[in-house]
Amino acid sequence: MEKGVLFVVSTPIGNLEDITFRAVRVLEESDLIVCEDTRKTSILLKKFNIRKKLFAYFKGQEKKRAEYIIGKLKKGIRISLVSESGTPCIHDPGAYLVRRCHEENINVVPIPGPSALTAALSVSGMNGDEFIFIGFPPKSKIKRKKIWECVKNEEKTVIIYISPYNLLNILEELKEYVSENRKCFLIREITKKFEEYRYGNMEEIIKWSRNKKGEFTLVIEGIKDEKKQKKF
């Protein structure tokens, strides 16, 4: 029996019109859609009149549920993997499942599209040739401090995801490690109705951020770029 295919499908991070024609077609042609949040995915599918069976796949149950999915793929069905929003496996569940597919010689096909990581970097004005992606910082302040120590002397552009629940705490911590001459870019609610951003130093970013809500992506310039700017 010919094995199935796992499609890793990127979905909108806010504006549903950002989905690609190919992504819609692949979702329509899938036998099963594996998703991080069935409620969120249902809204997307309803928008494009797609009716498919959903199977929840989220952190904490990845290994156990991956074996069920692998079993389905071995029987020849086509499965799409989507995260709550954006590109699966980029700070979202999916990497373990993809690795298991490789181990079982099951074909994995990327369906590229939206990602808060690249969207924020593209409009930040920062160097996009080389960058470090941290994702959401750990909850432990001690672990975060180790990361901030690295950020302090990082020559590459740094990109961080920040939840609305600890935005000011994270920014205040970073203020101790990021010099006032180092440029930062903070954007919230990317592609959504209330999308907005601020470009400036960390102090200016903090002042602008007070009472702001939503999902945030922070871009910090590398110290190499900072030094270059001082020469002019």
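The values are calculated or read from the model by the stated rules, or taken from the named source; none is laboratory data. As the structure is a prediction and not an experimental result, all values here were calculated from the model. No Cβ is skipped: glycine too gets one built from the backbone with ideal geometry, and neighbour counts run over all protein chains shown. Accessible surface is based on the protein model in full, side chains and every heavy atom, while ligands, DNA and RNA are left aside. Shrake-Rupley method; radii C 1.70, N 1.55, O 1.52, S 1.80 Å.
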Over segment 162-209, the set of residues among the basic types (Lys, Arg) and out of contact with any Leu (no Cβ under 7 Å at 6 or more places or on another chain) is LYS175, ARG182, LYS183, ARG188, LYS192, LYS193, LYS207
Where residues in segment 139-182 are touching a strand residue (DSSP E or B) at 6+ places or on another chain (Cβ under 7 Å) and among the charged types (D, E, K, R), which of them is nearest to ASN127 (Cα to Cα)?
LYS156
Taking the residues in segment 91-100 that are touching a helix residue (DSSP H, G or I) at 6+ places or on another chain (Cβ under 7 Å) and buried (at least 17 other Cβ atoms within 10 Å of the Cβ) as candidates, determine which candidate is modelled with the lowest pLDDT.
PRO93
Select the helices (runs of 4 or more DSSP H) contained entirely in segment 94-161, then report the ones holding at least 2 residues which are over 27 Å from GLU196 (Cβ atoms).
95-103, 141-152
How do the pairs read when you match residues in segment 95-110 that are on the phi > 0 side of the Ramachandran plot with residues anywhere that are open to solvent by 30 Å² or more (accessible area, probe 1.4 Å), using Cβ under 9 Å and keeping only pairs 6 or more apart or on different chains?
ASN105/LYS3
Being without any contact (Cβ under 8 Å) to a residue 24 or more places away in the chain and either surrounded by 15 or more Cβ atoms within 10 Å (Cβ to Cβ) or part of a loop (DSSP other than H, G, I, E, B) (or both) is the filter here, so list the residues in segment 167-191 that pass it.
GLU180
